[in-house]
Amino acid sequence: PTRTSSEPKFPKSLSQTLTAPAPFADETNCQCQAPHEKLTIAQARLGTPVDRPVRVYADGIFDLFHSGHARALMQAKTLFPNSYLLVGVCSDDLTHKFKGFTVMNEAERYEALRHCRYVDEVIRNAPWTLTPEFLEKHKIDFVAHDDIPYSSAGSDDVYKHIKEAGMFVPTQRTEGISTSDIITRIVRDYDVYARRNLQRGYTAKELNVSFINEKRYRFQNQVDKMKEKVKNVEERSKEFVNRVEEKSHDLIQKWEEKSREFIGNFLELFGPDGAWKQMFQERSSRMLQALSPKQSPVSSPTRSRSPSRSPSPTFSWLPLKTSPPSSPKAASASISSMSEGDEDEK
């Protein structure tokens, strides 16, 4: 398909930046070969000219390269639809002279910029103040930086002449992260980092730590190790207790289930309507029937008499109406007469 005038034309080096480090300008002589016509911001936002990308320049120290740096470069890269981002990095001499000592040296800072995905080209030993000759040499269309006036080298704002020329495009700073913030954290927690590096094998001389502080840090490291061991023991103890509680809970739950089952079985056998009661009643009734004597018949059979004896006369026993004795003596006399009658009968 044919490319329209509004479509961006990316340089070949852009695809290379996604798979390889960005090149150095002084090693590859990366310069725009197309005629460098003056562009306005409105033209650049439309994606013109179609024969070359808009060349955007961003500079800085980039010490302790962090996400704030990367976001600023991302904004510079995406200011226009078709752009080529050049990043200038100042040397150690210029930085130490105008700003102060850096944590990373210039070679480390150069290399850090080469591996940022938004960077197309790195310019080493960049000038502190941008001159017309420098802008012309690298065919720079616009300069990207945050809009806060940057006072340095005897100037209230080193980008003042760039802004007056209409070549300045502002970017936004990322709050909460900066090189100064990172250094402040290190200074604030200096003892923590010194102890950590001593523990990792660095010497006191390499850390610029005195003999007394070295002994103090090593003692604190031993104390921390002991605390860590105690903490591990406590955590293991808690885990053991938790496991015991879980197992005891399971045992109690199983015991409750077995207890319900046992109680249910017991009630089925020995409850009010249990099978054991019915069986006991049946056996009890059988035992009572076996043990209780049969009732005597109403008429008893006639006794057989011996033939040698004469039949005795038959007496009819009639109930006698007796009056209660009037006195104890009378009662005893009646008892004695009854006994005599029994003897006579015998």
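Taking the condition surrounded by fewer than 14 Cβ atoms within 10 Å (Cβ to Cβ), farther than 24 Å from residue 168 by Cβ and modelled with pLDDT under 55, does residue 13 pass?
In short, no.
Any residue in region 87-105 that's free of Cβ contacts under 8 Å to residues at least 24 places away in the same chain: show its pairings with residues that are polar (S, T, N, Q) and exposed (fewer than 14 other Cβ atoms within 10 Å of the Cβ) at Cβ separation under 7 Å, as long as the two are six or more apart or on different chains.
So the pair list comes out as 92/105.
Can you tell me which residues in region 145-201 are within 30 Å of residue 40 (Cα to Cα), assigned to a helix (DSSP H, G or I) and among the acidic types (Asp, Glu)?
164
Assigned by the TED database to the domain that holds residue 170, open to solvent by 30 Å² or more (accessible area, probe 1.4 Å) and either β-branched (Val, Ile, Thr) or at negative phi (or both) - does that describe any residue in region 52-60?
Of region 52-60, the ones assigned by the TED database to the domain that holds residue 170 are 52-60.
With the extra rule that they be open to solvent by 30 Å² or more (accessible area, probe 1.4 Å), the set shrinks to none.
No, the conditions are met nowhere in region 52-60.
Listed here are the residues, each with its yes/no results for (1) in the same structural domain as residue 97 (by the TED database); (2) more than 21 Å from residue 75 (Cα to Cα); (3) open to solvent by less than 70 Å² (accessible area, probe 1.4 Å).
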residue: 138; (1), (2), (3): yes, no, yes
residue: 151; (1), (2), (3): yes, yes, no
residue: 158; (1), (2), (3): yes, no, yes
residue: 192; (1), (2), (3): no, yes, no
residue: 208; (1), (2), (3): no, yes, no
residue: 213; (1), (2), (3): no, yes, yes
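The values are calculated or read from the model by the stated rules, or taken from the named source; none is laboratory data. Bear in mind that the values here come from a model prediction, so they are computed numbers and not experimental data. Because the Cβ atoms are built from the backbone with ideal geometry, glycine has one as well, and the counts that use them run over all protein chains shown. All accessible areas refer to the heavy atoms of the entire protein, side chains included, with ligands and DNA or RNA removed. Shrake-Rupley method; radii C 1.70, N 1.55, O 1.52, S 1.80 Å.
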